[in-house]
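Input: a single structure, listed below in structure tokens.
The values are calculated or read from the model by the stated rules, or taken from the named source; none is laboratory data. Because the structure is a prediction, the values reported are computed rather than measured. Positions of Cβ are backbone-derived with ideal geometry, glycine not excepted, and every protein chain shown enters the neighbour counts. Side chains included, ligands, DNA and RNA excluded: accessible areas come from the protein's heavy atoms. Shrake-Rupley method; radii C 1.70, N 1.55, O 1.52, S 1.80 Å.
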Amino acid sequence: MKPSLLQQIHNTRRSNSLRSSSSPQDGGSGAAEAAFRSPAGAFWLLLHALCCLISLILGFRFSRLVFFIIFSSTVTNIYTNSPVFSATTTTTTTTTTTTTTTHTETLTLPLPPTAADILATNRTRSRVVVGRHGIRIRPWPHPNPAEVMRAHHIMERVQREQRIQYGVKESRPIVVVTPTYVRTFQALHLTGITHSLMLLPYNLTWIVVEAGGVTNETAGILERSRLPFLHIPFLEKIPLRWTDRHRMEARMRLHALRLVKERMLDGIVVFADDSNMHSMELFDEVQKVKWVGALSVGILAHSGNSKPMSDKEPTEEEKQNAPLPIQGPACNSSGHLIGWHTFNSLPYADKSATLVGDIGTVLPMKLEWSGFVLNSRVLWEDVESKPDWVRNLDDVGKDGEEIESPLALLKDPSFIEPLGNCGKKVLLWWLRAEARADSKFPPGWIIDPPLEIIVPAKRTPWPEIPPVLPHETVSSIQEHTEKQSSRSGRSSRPRRASRSKKKHDPLAQISVAAQKQQN
């Protein structure tokens, strides 16, 4: 009986323990199911998962940063020097029973690295760390010249494709008209405009009209440019007065326009004076003209002011009322031509130059020719769709008519097309800088025969026959030396100075040589 009773009690306790252990599991699963079923529980679970994901990403980024900082600290920079201050500790132990410890601080001031050291470091280390990335530095110049030329050809092709895609679609030839004459500054001016025209990517015809006939000096400059040009003579000589010169230059331009009409040269006619400065954007802008266009010109008329500037600063009202040195078209808000902005020459009336080479301000005309461009077909005869508001070129300049600007070629100037963002862009600058008419210069700027020796070099041997100075110069030098000798008798110190001056003065030596030759 007892074993059976004990077995029953054991079975009862075991069943109770199983029930108690299974009840929490059922409750946990039920709570999880309740949490999934309720929206609030699902939201909190998603938020918890999102926070875990963010922490994982940030931890990964931070670990990469720490890894980079640890391993990039070993990379040395070629421009860092050794530390300026360094401390050294020295311990010295003697054979006696006492021990002496000495603490020494050493101040080190290193010298800056030389260029050879930097180049050697550049050759050994060619890696620069910028942020998290490295940049490879190639030695310069490039070791392979063929690669350099290949890179230049690639860049040239890229620029050509960009010009074709974004530039002028159908370019027209450029016909440049330049009046000139032989003078001191001709080589300077013609060389400048030659270099500008050599950079043009368009077909070019350069018409150069020379006053006084064709000369070898002008022909040599044009031939060296290797540009397609027409060198035509104009038999009249250039006058000395600026007003007469402006009128004659207008007649020279009309002479070139008649040549364009006779030969039926097709393109955009640009009036480029040899002393003006032109922007390369100008020749891109003139491609937009249909018949006749106008541009703004910057007037540089302040280079020869004969009167010094006053120390008094201008007031704000004077600054606002000061005229702009601009000459060109004026447009309304809709971009149509309504008038002209001319250069105010009244403030320079008393300072203006009358003759070429005078000290003073050279004033421009009311409207300069360089501010106009035109389609060469307006000069032709029997051309389809030629505008009727253009005069016949044969009728222009007859019966002593003075032509001041290309407006004389038109019957109605209101049809002129303003260029350069309706005259807001200045693409060329008018400048007149000339030497005196009687100034001397070598023909073609070629020195033949060689120059005479005025002051010989100190280390150059004397010539066999010393140059003979004029009598007045020799006498003035003798008087100067006599004064120095009279002063030297007063004290011994100036005597030494005068001897040293005579020793190093080449003019005094020349005078002594001249005296010996005369004796």
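Considering only segment 198-212, state which residues are touching a strand residue (DSSP E or B) at 6+ places or on another chain (Cβ under 6 Å) and among the hydrophobic types (A, V, I, L, M, F, W, C). Residues satisfying the conditions are L204, W206, I207, V208, V209, A211. Would you mind stating whether P233 is touching an Asp or Glu at 6+ places or on another chain (Cβ under 8 Å), modelled with pLDDT of 95 or more and open to solvent by 40 Å² or more (accessible area, probe 1.4 Å)? In short, yes. For segment 330-362, which positions are open to solvent by less than 40 Å² (accessible area, probe 1.4 Å) and in a loop (DSSP other than H, G, I, E, B)? Of everything in segment 330-362, those that are open to solvent by less than 40 Å² (accessible area, probe 1.4 Å) and in a loop (DSSP other than H, G, I, E, B) turn out to be G335, F343, A353, V356, G357, G360, V362.
For segment 242-278, filtered to residues that are assigned to a loop (DSSP other than H, G, I, E, B) and more than 19 Å from G423 (Cα to Cα), the residue that is most open to solvent (accessible area, probe 1.4 Å) is M264. Would you say L199 is among the hydrophobic types (A, V, I, L, M, F, W, C), under 23 Å from E285 (Cβ atoms) and touching a residue at least 24 places away in the same chain (Cβ under 8 Å)? So L199 fits the description; yes.
Acidic (D, E), open to solvent by less than 40 Å² (accessible area, probe 1.4 Å) and touching a residue at least 40 places away in the same chain (Cβ under 8 Å), is that true of E281? Spelling it out, it is not the case that E281 is acidic (D, E), open to solvent by less than 40 Å² (accessible area, probe 1.4 Å) and touching a residue at least 40 places away in the same chain (Cβ under 8 Å). The single condition among (1) modelled with pLDDT under 90; (2) acidic (D, E); (3) open to solvent by less than 70 Å² (accessible area, probe 1.4 Å) that D412 does not meet is (1). Restricting segment 304-329 to residues that are open to solvent by 30 Å² or more (accessible area, probe 1.4 Å) and closer than 24 Å to V270 by Cβ, the residue that is modelled with the highest pLDDT is I326.
On the basis of being in contact (Cβ under 8 Å) with a residue 40 or more places away in the chain, farther than 30 Å from G220 by Cβ and either of a type in the set (G, A, S) or surrounded by 15 or more Cβ atoms within 10 Å (Cβ to Cβ) (or both), does V168 make the cut? Yes: the conditions hold for V168. T243 - would you say it is under 23 Å from S405 (Cα atoms) and polar (S, T, N, Q)? Judged against the criteria, T243 is a match.
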